[in-house]
Amino acid sequence: MPKSFTNLFPQIANFENLYVAWESARRGKRRRPDVAAFERHLEPNLLRLERQLLDGGYQPGRYRSFYIREPKRREISAAPFRDRVVHHALVRVIEPIFEARFSNASYACRVGKGTHRAADHAQTLLRRHRYLLKADIAQFFPSIDHRVLDALLSRHIACRPTLELCRRIMASGDGILASEYTLQLFPEDDLFAALRPRGLPIGNLTSQFWANVYLNGIDTLIQRELRLPHVRYCDDMLIFADAKPTLHAALAALHERAARLRLTLHPVKTRIYAAEEGVEFVGYRLFRDHRRLRRDNVRLFVRRLRRQQRAYRAGRLPADRLHASLQSWIAHAKHADTYRLRSRLLRAHPFVMEHST
């Protein structure tokens, strides 16, 4: 039996924990009106949250949804700031329970991991193996089934109020991504399968953490049962081997395990490659001896740069936010073989040079 934890809720609803959660939730967002409004009456707001959590009166608010189009069109749903404080308070307490069980091959939304280390690990494995399977979950966040996630959380959390808080947060996002989801039926489904609660808002900290909980069983399958090296960043994964039949067998096992989680693999993005071809992963095109930025990444950067240039000169974009955006992209680009590309962009856009020094 897996170890389960009790008496977690007093730690979550504790005022000191809520205060630290507030500090985390506001990081990089203090200019936003809702964040500033919460901070103006910080102590009463945190005391109210503590009381509502402890007496069972806490109810999540309504989400604000919007679309981003870079690198692809995606719906982002932002919870009210008070709810984001609760999300941070919850994750601070329960994340260590699951973090101890996560695979080292999982790189998304984890301390000491991230895209650059995922790319480094993948490139190392590219050099060591002849073939790889690139697998991608179709419509991942809209497909996450609340009953399946609840069962996974319940394996290690035996604290009823904590599970109830998780369920309330899940339920608050039910149906938000309905337009992004195409109904999939699995063996033994009946006509009521369409009514199953599903979907996690992409903008929530809880969603990013729960995504790792949801897919940890796939990491276990690959490492312990298939005994193959792999790298996973959220729902995008690479599995390596020296023979194609090994990867075909891995693909069949992956289909079966994904179905248990009520997930399907993307029919186009999932395929087997020869390592010498290279592969796209976490924003790069990786090869055995070098890596490049994806072409669409460069196009999107130039397009965004022109928009920012216009906004800055019109006084709509502060210099510090412009500088932070430019430095973020340049730091990402430096992790690929992009010296000539960056030099060319700097020459073509002196505006970048002016604000990147």
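Expressed to the nearest 5 percent, the antiparallel share of DSSP beta bridges inside the chain is 95 percent. Hydrodynamic analysis of region 44-145 uses the Kirkwood radius over alpha carbon pairs. Inserted into Stokes-Einstein at 25 °C and 0.890 mPa s, it gives a translational diffusion coefficient of 139 µm²/s. For VAL91, the solvent-accessible surface with a 1.4 Å probe is about 10 Å², rounded to the nearest 10. At the listed q of 0.18, 0.19, 0.26 Å⁻¹, the Debye profile of region 1-78, built from one uniform point per Cα, gives log10 I(q)/I(0) equal to -0.92, -0.97, -1.27.
Judged by the ratio a/c of the largest to the smallest principal axis of the C-alpha gyration tensor, region 77-131 counts as prolate, that ratio being 1.5 or greater while a/b is larger than b/c.
For PHE66, the solvent-accessible surface computed with a 1.4 Å probe is close to 70 Å², ligands and nucleic acids excluded. Here, the chain is characterised by an Rg to Rh ratio of 0.98, where Rg is the alpha-carbon radius of gyration and Rh the Kirkwood radius. Comparing Cα centroids, region 157-210 and region 213-288 end up 24 angstrom apart. Per atom type, the chain shows carbon and sulfur on 50% of its accessible surface, probed at 1.4 Å.
Accessible surface calculations at 1.4 Å, restricted to protein heavy atoms, place region 197-258 at 34 Å² per residue. Legend: P(r) of region 169-261 from all alpha carbon pair distances, 10 Å bins from 0, whole percents, reading 13, 38, 32, 15, 1.
Taking every Cα-Cα distance in region 196-326 and sorting them into 5 Å bins from zero, the calculated P(r) comes out as 2, 8, 14, 15, 15, 14, 11, 8, 7, 4, 2, 0 percent.
Counting other Cβ atoms within 10 Å, keep those with at most 14, restrict to DSSP loop, and tell me which chymotrypsin sites (Phe, Trp or Tyr not before Pro) in region 121-203 are left. Working shown, then result.
Numbers: sites: TYR131, PHE140, TYR181, PHE192; in loops: TYR181.
Of the chymotrypsin sites (Phe, Trp or Tyr not before Pro), not one in the loops of region 121-203 has a Cβ with at most 14 other Cβ atoms within 10 Å.
The values are calculated or read from the model by the stated rules, or taken from the named source; none is laboratory data. Small disclaimer: the values here were computed from a predicted structure and weren't measured. Glycine gets a Cβ as well: all are built from the backbone with ideal geometry, and neighbour counts include every protein chain shown. Remember, those area values only see protein heavy atoms, side chains included, never the ligands or the DNA or RNA. Shrake-Rupley method; radii C 1.70, N 1.55, O 1.52, S 1.80 Å.
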